[in-house]
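Before any comments, here is the structure.
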Amino acid sequence: MSQNRVASHTGAAIDFTFNGKAYQGIAGDTLASALLANGVDVVGRSFKYARPRGIFGHGAEEPNAIVQLGSGAGTVPNLKATQIELYQGLQASSVNGWPSVNFDLMGLIGAFGRLMPPGFYYKTFMYPKKLWMTYEHFIRKAAGLGATPVEADPDSYDKLNQHCDVLVAGAGPAGLVAAREAARTGARVIIADEQSQFGGSLLASKQQVDGIAAPLWVASLVAELMAYSNVQMLPRSTVFGYYDHNFLTILERRTDHLGAVSTCGTRQRLHRVRAAQVVLATGAFERPLVFAHNDIPGVMLASSVSTYVNRYGVAPGNKLVLFTTNDNAYQTALDWQGTGREVVAVIDSRRNPCGEIVAAVAAMGIEVIAGHGLIEAQGGKRVKRALVAPINEAGTQVTGAVRRLDCDLIACSGGWSPAVHLSSHTGAKPQWDENIVAFRPGNSKQQERSAGACRGTFDLQGCLSEGASAGADAALLSGYGDGSPQFPQIAVEEYIEEPQQALFLVPHTKPTSRAPSQFVDFQLDVSASGIELAVREGFESVEHIKRYTALGFGTDQGKLGNINGMAILANALDQTIAETGTTIFRPAYTPTTFGAIAGRDVNQLFDPERYTAVHRWHVEQGAKFEDVGQWKRPWYFPQQGETMQQAVDREGLAVRNSLGILDASTLGKIDIQGPDVAEFITRIYTNSYLKLAPGKCRYGVMLKEDGMIFDDGVCACLGDNHYLMFTTTGGAADVLAWLELWQQTEWPELQVYFTSVTDHWTTATVSGPNARRVMAKVCTDIDLSNEAFAFMDWRDGTVAGVKARVFRISFTGELSYEVNVPAHYGRHIWETLIAAGEEFNITPYGTETMHVLRAEKGFIIVGQDTDGSMTPADMNMDWVVGKNKAFSFIGKRSLQRSDTVRANRKQLVGLKTLNAKEVLPEGAQVVFDAEQKIPMAMQGHVTSSYFSASLGHSIALAVVKGGHDRLGQVVYCPLADGRSIAAEIVSSVFYDPKGERQHV
Amino acid sequence: MKKYSAFSLLKNALSYHENWQKVWRSPTPKQDYNVIVVGGGGHGLATAYYLAKIHGITNIAVIEKGYLGGGNTARNTTIIRSNYLWDEAAQLYDLSLKLWEGLSQELNYNVMFSQRGVLNLGHNLQDMRDIERRVNANRLNGIDGEVVTPQRIAEIAPLINISRNSRYPILGASWQPRGGTARHDAVAWGYARGADALGVDLIQQTEVTGIRRKDGAVVGVETSNGFIGARKVACVTAGNSGVLAAMAGLRLPVESRPLQALVSEPVKPCLDTVVMSNAVHGYISQSDKGDLVIGAGVDSYNGYGQRGSFNVVEHTIQAICELFPAFSRVRMNRQWGGVVDTCPDACPIISKTSVQGLYFNCGWGTGGFKATPGSGYVFADTVANDHPHPLAAAFTVERFDTGALIDEHGAAGVAH
Amino acid sequence: MLLIYCPHCQEYREEEEFSYGGEAHIMRPLAPDALSDKDWGDYLFFRTNARGIHHEMWYHAVGCRRYFNATRDTVTYEILETYKTGTQPTITGANS
């Protein structure tokens, strides 16, 4: 039996280690309760001053007990010990402290804490200037909490998209009854709670509900809910974000209670819920009291002490001093008394506490010291005593002699702060309510209502009746029930409470600036004096104070500290809390695993891979692939021992000299039909299609309305009212959306219909002098003669027994046929062509060779040779612009703007290096004078550059200012290695300038 | 202004920090100023500071509807770099970077400018062409940068995944060693303190509700606390620029979009540089406090709500997990959004307007933080001389009529 | 994340199915070539960028692939109505 375990509390033993030391807990423990049971006082060190810290709370509010769980790839940093369910073999360690958490050398720095007030970074480390990076190195080393894994996450995560009528966030008393009321109407209900068990505060309650012990009442209600088929219950599930249009996110921890790494499916699941109505029943956090050295291990929240005693059977100490401003916390004295351990005294800041429970405590012989404050805790790594003194009625001054009370546990309560976080995510501004000394949720911005403690209703009866009303109301507004609660009122036993005192900073005998640190935000060591200092320095806005002091920026996000901090600020500014305002809580309510937010969309599923129907064949041939948009395109097909350049040389020469074959299936294909199709595409393209006859193709360029080239490709007239538009591989989706935009929003009178058929067709392009011969072997029903089937014609026919469309278009400048067949026949047609081409040494080529061949021809690639700032004229393609078209096509007007008609624009040219073997790097900048000093006057840049095997020298395309008038000039490309490569500006057409070869 | 130093810290510690000087005054607005700067973010405060410091104009008010530095200054991911593609942008951002390099000393306020370098990753061949082009241009403009291999990337950021088997393998990157991060709030506070010390009135919690004009010239602003006269009004209100423009009967080529960001819980140092990826679409750095600071692109729709849609956050985190598979088990602590004023060419507008004495500095989109000092510097010059500073000349609003856009979408790409 | 009613599909669908199309009701000039650079620039780039009521185009990209308009509050993000292209909004704000 561990030293602090209450004898009557038993369970199966669970072995675990903390900081390498073996301990035993029991089933049902959290790591925190198990550590407390074993008398572990120091579990962490604070962020800034490395002060020893113990467990302070029992849930999401815990600021101190931050641990590293597990090791290796499965480790998780920064978990709160209060939220870790104990499992056999659990390993955890403190995140700070060197050499150990019990003896931390950094703690010495804490002794100089006075040198590190808020903002001290901003005031120093500036001189000498060059040392800042060294200072920063050490600042960073001292910061941070746990450590990230250094290996890939072994776990997987998934997501569930859900719709429901009523989502209930929180399964405490209000949430449970809300769910029950909604469930009975037939509404689809999801109820989620961050804890392993439903019940919330009732799990640790000694109260009787409906005549039975609270935990038993919870169990029966949970059983009742489980019987509803329309209710989904999500334990270990945190509603962490509330977004627009009633979209909420829930993180379900499926396996974390079983081990660090899941052995049974996805570790965590993200529920993406669109709820018609929401009931927020997220409870409240007890507020600590801010007194000197309130951070020493052994100072805890009163409700946490009760929770450990009642729910976990752990008494975290021996001699308790309870310090409260309210009746509610007196329960802790009763609970502690029940363990048989000593209650030294109850310190109540109020002059005349007179509630029923006060009387009950006094009746047990416990000393109640009224009108006093616990002004300072003393001790090193554990509380040894409390200093208690009378204080004035306003709670601002010590008015009498200090009394010392020996103790090892201080439970404190400054009242309760509703957990308004989710309501605040919606944009609702929390409203200060003097009556309950707390912020209530602001006016609702979504289809939600709060119920119970998160609405500022702290008595159990109130929580239950609000929950019932909220559940019925939410059901009604989502279309179920009549809006009134149906279950009878639940009888509860509770004390009637008297008003609490608003006390946010307990006075000390010394002024705040000189008193021992009175901590407000434990994790980041924000103290009351720090907040007052920030005000003294002129910061007035609560956001400034937060940012200057780091208040609320910890991993607990100020669940404990924010309200006290704000109140201390208000006081320092001589304002009310309402005037001072609040800060806006943002998601996540509690920290949420990146992996769960990413879900399945990582690794190979990060983005879909698109394959052509011939992909498998390419893989079998050992092709190297290039990512083009989502597509995997064969880049080149290396043979045994070949370098990329050797493969590309071989592939290119094959096309120029005999025959090559390219998988061009990825080109976008849009089928366009309708009586106005020719008019429509003539408005979109720069050139005209009004007179294009069936059987003919035409190359077109489309511009954005700003006149800049957007996409290009061939468009074929399939019939009078029927066109097939080819787009670039990467541009297909954008082009389709573009066409639909103009048709639907500007020219709905034009009857045109668009269908993406990219994936429907496989395109095998045979290119080279032997292209006709190979086609003749596989296609007998098309007259392939140049007279009958000329360049830029297309024909219907049968290829290898498959109905096909064959296009005589060419991106290589050679005689080419693009054979299009339904994708199901893709591999068949491909392999048939390969077999038929064997006698011509048919050579599959990839995108790299395609790029070389088209560059030899001076054909541009949109997106490579253009960059969104290039017009057709810049590309030397004025011939594609129909200047006399009746309709002012898209982008036409922009071509006349003063900057677009300016001389000296960057224009497409060819570059030929003076050293023929030297290949310019793509992206090299072009200058006219290589000798000039930096900054150099840059005149353009190299867009495409290759070694051309068929020409025997390197070739490059570039855009150069005024380039069209500079043919023959020598320019320079200064490289990073100091060389400057000289090149002559030449025509961008290097090969077959008259274009004869594609016409044969 | 009392100087900050280690010595002043020690001295004040001995007196329990009871004697620190106020960081700035809380003045009552005068009836009339030479210049009113509307917007007390980093850019506005820098503008006021340089107007006072360099141009000797001290009869200035900065009018802020909320608190100083409370807009995008407080919401950005603090990345600083100058490796922009086009000469005009690169020179403007590099002026800024040079000012950053001495800013802590200039302001006597440690803005924690950390020159830990910036990697812009390339994941496909076109990315690499663009990176080569940009780095070459930067080099010839005198801006540091080099193209680095995946192996070098892994040395700089060991937890990054350079496997060839990832969905979009990292093929290389540009590396700008002078880039880095700074403490965003400190920048606003430092400029505010400096401007205040030079006599600038910083007026918070006062909203400009109208721009009063007479005979085509500005005469002052209407505010939630009454009229304040001014010869010149300089608007530096980021996401709310369109609203200010409308007050003067103008329209701007900007649209206000949500830009989201998020931080993890603080962790021990695990990333010593800034990593950005256009293709995988996310960027990440680690703050001195230990948080992983993460962002991506803007939401698609116009929005002034300082929040965006959750799917954008999901995509961002997917990108980060893709680049850093080890971060999958780290947890998101907090997410938020700002309102960024995006221009069609992803470059700012620093401009006079058709109203005499009315100036706009806006359109910084997702990349404004890094430009804070340079933006303030050239805008102050523009306002003081009623003529564009040479480095601002290309950024006038007229470029949207002539077509002389400076398309930095490639460099601005993923935001920042 | 927005929940958007597509007036063509007559259903509420997730924002992820849609893409944003920019400000609505900007007519392409009928005779662009007659416009000055300034007027053309105005059409191309200048927007109301309203804070509050905003009429905007949405495209049901992975749904019916139809454009439609929405009246949306750019501060609260509340969608006040959606309506088909070519029709007029019933809700207008001071800025529109």
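Could you tell me how many of the residues in the range B:218-275 are hydroxyl-bearing (Ser, Thr, Tyr) and either within 14 Å of chain C (Cβ to nearest Cβ) or touching a Gly at 6+ places or on another chain (Cβ under 6 Å) (or both)?
Number satisfying all stated conditions: 4.
How about the range B:66-77: which of its residues are more than 16 Å from B:GLN335 (Cβ to Cβ), touching a residue at least 40 places away in the same chain (Cβ under 8 Å) and surrounded by fewer than 24 Cβ atoms within 10 Å (Cβ to Cβ)?
B:GLY66, B:TYR67, listed by residue number.
So which helices (runs of 4 or more DSSP H) are wholly in the range B:1-103 and hold at least 1 residues that are at pLDDT 95 or above?
Where helices (runs of 4 or more DSSP H) fall fully within the range B:1-103 and carry at least 1 residues being at pLDDT 95 or above, they are B:42-53, B:87-101.
Would the range B:375-388 turn up any residue that is modelled with pLDDT under 95, within 16 Å of B:ASN72 (Cβ to Cβ) and either part of a helix (DSSP H, G or I) or open to solvent by less than 10 Å² (accessible area, probe 1.4 Å) (or both)?
No - not one qualifying residue is present in the range B:375-388.
Identify all residues within the range B:227-273 that are surrounded by fewer than 24 Cβ atoms within 10 Å (Cβ to Cβ) and on the phi > 0 side of the Ramachandran plot; write none if there are none.
B:GLY249
May I ask you to say which residue of A:GLY674, A:GLY695, A:GLY730 is outside the structural domain of A:GLU848 (by TED's automatic domain parsing) and modelled with pLDDT under 95?
After ruling out the rest, the residue left standing is A:GLY730.
I'd like to know if the range A:851-864 contains one or more residues that are crowded, with 19+ Cβ neighbours inside 10 Å, closer than 23 Å to B:ASP401 by Cβ and in contact (Cβ under 8 Å) with a residue 60 or more places away in the chain.
No, because not a single residue in the range A:851-864 is crowded, with 19+ Cβ neighbours inside 10 Å, closer than 23 Å to B:ASP401 by Cβ and in contact (Cβ under 8 Å) with a residue 60 or more places away in the chain.
All but one of (1) over 25 Å from the mean Cα position of the chain (by Cα); (2) over 20 Å from B:TYR283 (Cβ atoms); (3) not acidic (Asp, Glu) hold for B:ILE160, so report the exception by its number.
(2)
Test of understanding: among C:GLY93, C:GLY86, which residue is under 22 Å from B:VAL254 (Cα atoms) and assigned to a loop (DSSP other than H, G, I, E, B)?
Working: C:GLY86 fails: under 22 Å from B:VAL254 (Cα atoms).
Exactly one residue qualifies, and that residue is C:GLY93.
Considering only residues that are open to solvent by 10 Å² or more (accessible area, probe 1.4 Å) and either within 29 Å of the chain's Cα centre (by Cα) or not basic (Lys, Arg) (or both), which ones fall in the range A:51-60?
A:PRO52, A:HIS58, A:GLY59
Would you confirm, using the coordinates I've provided, whether A:SER665 is open to solvent by 10 Å² or more (accessible area, probe 1.4 Å) and in a loop (DSSP other than H, G, I, E, B)?
Against the criterion (open to solvent by 10 Å² or more (accessible area, probe 1.4 Å) and in a loop (DSSP other than H, G, I, E, B)), A:SER665 does not qualify.
Count, please, the residues in the range C:11-25 that happen to be more than 9 Å from the chain's Cα centre (by Cα), over 16 Å from B:PHE310 (Cβ atoms) and within 12 Å of chain B (Cβ to nearest Cβ).
Number satisfying all stated conditions: 1.
Take the residues in the range B:276-329 that are of a type in the set (Asp, Glu) and more than 7 Å from every other protein chain (Cβ to nearest Cβ); name whichever of them is nearest to B:PRO258 (Cα to Cα).
B:ASP299
For the range A:112-156, name all the residues that are within 7 Å of chain B (Cβ to nearest Cβ), open to solvent by less than 20 Å² (accessible area, probe 1.4 Å) and in contact (Cβ under 8 Å) with a residue 60 or more places away in the chain.
A:PRO117, A:ALA143, A:LEU145, A:GLY146, A:THR148, A:PRO149
Which one of these does A:GLN447 not meet: (1) open to solvent by 10 Å² or more (accessible area, probe 1.4 Å); (2) touching a Phe, Trp or Tyr at 6+ places or on another chain (Cβ under 8 Å); (3) of a type outside the set (Gly, Ala, Ser)?
All conditions pass for A:GLN447, except number (2).
When you scan the range B:201-216, how many residues do you find that are outside any strand (DSSP E or B) and under 17 Å from A:PHE539 (Cα atoms)?
Counting residues in the range B:201-216 that are outside any strand (DSSP E or B) and under 17 Å from A:PHE539 (Cα atoms) gives 3.
Tally up the residues in the range A:450-484 that are buried (at least 21 other Cβ atoms within 10 Å of the Cβ), touching a strand residue (DSSP E or B) at 6+ places or on another chain (Cβ under 9 Å), on the phi > 0 side of the Ramachandran plot and not in a helix (DSSP H, G or I), please.
Adding up the residues that qualify gives 1.
Looking at the range A:928-941, is at least one residue assigned to a loop (DSSP other than H, G, I, E, B), open to solvent by 10 Å² or more (accessible area, probe 1.4 Å) and away from chain B (no Cβ under 14 Å)?
Here is the first cut: in the range A:928-941, the residues assigned to a loop (DSSP other than H, G, I, E, B) are A:928-937.
Next cut, open to solvent by 10 Å² or more (accessible area, probe 1.4 Å) only: A:928-937.
So of that shortlist, the ones also away from chain B (no Cβ under 14 Å) come out as none.
No, the range A:928-941 contains no residue that is assigned to a loop (DSSP other than H, G, I, E, B), open to solvent by 10 Å² or more (accessible area, probe 1.4 Å) and away from chain B (no Cβ under 14 Å).
Mind listing whichever residues of the range B:1-25 are under 20 Å from B:LEU107 (Cβ atoms) and open to solvent by 30 Å² or more (accessible area, probe 1.4 Å)?
B:MET1, B:LYS2, B:LYS3, B:SER5, B:ALA6, B:PHE7, B:GLN21, B:LYS22, B:ARG25
Inside the range A:882-908, can you point out the residues that are touching a Leu at 6+ places or on another chain (Cβ under 7 Å) and either open to solvent by 20 Å² or more (accessible area, probe 1.4 Å) or more than 11 Å from every other protein chain (Cβ to nearest Cβ) (or both)?
Scanning the range A:882-908 gives a single hit, A:LEU908.
All but one of (1) more than 22 Å from A:ALA716 (Cα to Cα); (2) not assigned by TED's automatic domain parsing to the domain that holds A:TRP631 hold for A:PHE859, so report the exception by its number.
(1)
Taking the criterion of being under 30 Å from A:ALA143 (Cβ atoms) and not in a helix (DSSP H, G or I), would at least one residue in the range B:249-258 satisfy it?
Yes, that holds for at least one residue.
Going by the conditions given, is A:PHE594 in contact with a helix residue (DSSP H, G or I) (Cβ under 8 Å, 6 or more places away or on another chain) and either among the β-branched types (Val, Ile, Thr) or within 11 Å of chain B (Cβ to nearest Cβ) (or both)?
Details: in contact with a helix residue (DSSP H, G or I) (Cβ under 8 Å, 6 or more places away or on another chain): yes; either among the β-branched types (Val, Ile, Thr) or within 11 Å of chain B (Cβ to nearest Cβ) (or both): yes.
So A:PHE594 passes the test.
Within the group A:ALA13, A:ALA50, A:ALA7, A:ALA22, which residue is at pLDDT below 95 and more than 25 Å from A:LEU320 (Cβ to Cβ)?
So the residue among A:ALA13, A:ALA50, A:ALA7, A:ALA22 that is at pLDDT below 95 and more than 25 Å from A:LEU320 (Cβ to Cβ) is A:ALA50.
If you check A:ASP295, A:ASP327, A:ASP256, which single one turns out to be open to solvent by 10 Å² or more (accessible area, probe 1.4 Å), of a type in the set (Asp, Glu) and touching a residue at least 24 places away in the same chain (Cβ under 8 Å)?
A:ASP256
Here is a yes/no grid of residues against (1) buried (at least 19 other Cβ atoms within 10 Å of the Cβ); (2) at the interface with chain A (Cβ under 9 Å from one of its Cβ atoms):
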residue: B:VAL118; (1), (2): yes, no
residue: B:GLY122; (1), (2): yes, no
residue: B:ARG139; (1), (2): yes, yes
residue: B:SER166; (1), (2): no, yes
residue: B:SER174; (1), (2): yes, no
residue: B:THR209; (1), (2): no, no
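Considering only residues that are outside any strand (DSSP E or B) and touching a residue at least 40 places away in the same chain (Cβ under 8 Å), look in the range C:45-63 and name the one that is farthest from the other protein chains (Cβ to nearest Cβ).
C:GLY63
Among the residues of the range A:773-780, is there at least one that is under 22 Å from A:MET850 (Cα atoms) and open to solvent by 50 Å² or more (accessible area, probe 1.4 Å)? Talk me through it step by step, then tell me what you get.
Taking the range A:773-780 and keeping what is under 22 Å from A:MET850 (Cα atoms), we get A:773-775.
From the residues that got through so far, the ones that are open to solvent by 50 Å² or more (accessible area, probe 1.4 Å) too are A:773.
Yes; the residues of the range A:773-780 include at least one that is under 22 Å from A:MET850 (Cα atoms) and open to solvent by 50 Å² or more (accessible area, probe 1.4 Å).
The values are calculated or read from the model by the stated rules, or taken from the named source; none is laboratory data. Treat the numbers as computed from the prediction; the structure is a model and nothing was measured. Counting neighbours? That spans all protein chains shown, and the Cβs are built from the backbone with ideal geometry, glycine included. Ligands, DNA and RNA are stripped out before the accessible areas are found, and what is left, the full protein with its side chains, is counted by its heavy atoms. Shrake-Rupley method; radii C 1.70, N 1.55, O 1.52, S 1.80 Å.
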